[in-house]
1. Which condition number in (1) within 26 Å of LEU242 (Cβ to Cβ); (2) assigned to a strand (DSSP E or B); (3) of a type in the set (Ser, Thr, Tyr) is the one that SER16 fails?
2. Give segment 85-122 a look and list any residue that's outside any loop (DSSP other than H, G, I, E, B), in contact (Cβ under 8 Å) with a residue 12 or more places away in the chain and more than 15 Å from GLN153 (Cα to Cα), or say none.
3. I'd like to check something: does segment 199-207 contain any residue that is under 17 Å from the mean Cα position of the chain (by Cα), more than 27 Å from HIS73 (Cβ to Cβ) and not aliphatic (A, V, I, L, M)?
4. Of everything in segment 60-84, what is assigned to a loop (DSSP other than H, G, I, E, B) and among the aliphatic types (A, V, I, L, M)? Give them in sequence order.
5. So which of VAL121, VAL95, VAL83 is buried (at least 18 other Cβ atoms within 10 Å of the Cβ), modelled with pLDDT of 95 or more and either touching a Leu at 6+ places or on another chain (Cβ under 9 Å) or within 22 Å of ARG172 (Cα to Cα) (or both)?
6. Can you find a residue that is crowded, with 19+ Cβ neighbours inside 10 Å, basic (Lys, Arg) and under 22 Å from PHE41 (Cβ atoms) anywhere in segment 139-152?
7. Given the criteria of a type in the set (Gly, Ala, Ser), modelled with pLDDT of 90 or more, at negative phi and in contact with a strand residue (DSSP E or B) (Cβ under 6 Å, 6 or more places away or on another chain), does SER138 qualify?
8. Within segment 124-138, which residues are surrounded by 17 or more Cβ atoms within 10 Å (Cβ to Cβ) and farther than 22 Å from ALA177 by Cβ?
Amino acid sequence: MDSADSAPVVEVRNLSVTFEDDKGGLQALRGIHFDLHEQEFLCVLGPSGSGKTTLLRVLAGLQPPSEGEVKLHFAGEPRVSLVFQQANLMPWRTVLQNITLPLELAGVDAQVANARAAELVELIGLQGFEHNWPRELSGGMAQRVALARAYIQDPELLLLDEPFGALDALTREKMGAELLHLWQERRTSVLMVTHSISEALLLADRVLVLTARPGRVACDLPVDLPRPRSEETRYSARFAELARRLRGEIE
């Protein structure tokens, strides 16, 4: 089933955020309106300062809206995971211990937690690094651990804030492919903030483009590239056409 045909799991309605200060306040977002559907991968693009991270923080429940509302339609308490640009691993815990931390905090049996972690270790290519310390990992490997830690909770909604922004170009491409593989296996509803048009088109079902501050939705573009996708997708004529359109919307 196409994700666009399913009922929305996230509804954002007339969302505005203003940060108050002694100069009357800084409006980060104004009148944001969109849906995110079950199993959909949505990317958010926009210039620096357009409120992309603020939007993510509102969805995560870390920032209250000034106006409007966000509705999450999940059975019971929604399971939401958030991955930042920095991996934020605990240096005194091994790779495996970092991955299992959310389940440990939730009181899940250690044997069950380790079994889930082992599955993710294999899925995301961390075999052989289970007992390494964070200081022994490259930036890309650390972000793999952060993704595995987010996925071990079996989230219904995964929020990604420029998770590969601090990586070099080649590592970033490789991590994009890893994330694509992980999403195709798990089909979690995802909202990802990125500055990369190419990354957004490779990963997303839809791309939202925000204007300069205050951020508003300038474009909601369906990405009609066939799945499954690979690095070769970047070289198709349709990919180039969509990239030109997104670049025009941002500029």
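The values are calculated or read from the model by the stated rules, or taken from the named source; none is laboratory data. What you are looking at is a predicted structure, and each value in this text was computed from that prediction instead of being measured. Glycine gets a Cβ as well: all are built from the backbone with ideal geometry, and neighbour counts include every protein chain shown.
1. (1)
2. VAL95
3. Of the residues in segment 199-207, the ones under 17 Å from the mean Cα position of the chain (by Cα) are 199-207.
Adding the requirement that they be more than 27 Å from HIS73 (Cβ to Cβ) leaves 199, 201-202.
Going one step further and asking which of them are not aliphatic (A, V, I, L, M), we end up with 199.
The answer is yes, given that some residue of segment 199-207 is under 17 Å from the mean Cα position of the chain (by Cα), more than 27 Å from HIS73 (Cβ to Cβ) and not aliphatic (A, V, I, L, M).
4. Within segment 60-84, ALA60, LEU62, ALA75 qualify.
5. Being buried (at least 18 other Cβ atoms within 10 Å of the Cβ), modelled with pLDDT of 95 or more and either touching a Leu at 6+ places or on another chain (Cβ under 9 Å) or within 22 Å of ARG172 (Cα to Cα) (or both) holds for just one of VAL121, VAL95, VAL83, which is VAL95.
6. Taking every residue of segment 139-152 in turn, at least one turns out to be crowded, with 19+ Cβ neighbours inside 10 Å, basic (Lys, Arg) and under 22 Å from PHE41 (Cβ atoms).
7. Working: of a type in the set (Gly, Ala, Ser): yes; modelled with pLDDT of 90 or more: yes; at negative phi: yes; in contact with a strand residue (DSSP E or B) (Cβ under 6 Å, 6 or more places away or on another chain): no.
Against the criterion (of a type in the set (Gly, Ala, Ser), modelled with pLDDT of 90 or more, at negative phi and in contact with a strand residue (DSSP E or B) (Cβ under 6 Å, 6 or more places away or on another chain)), SER138 does not qualify.
8. Residue satisfying the conditions is PRO134 alone.
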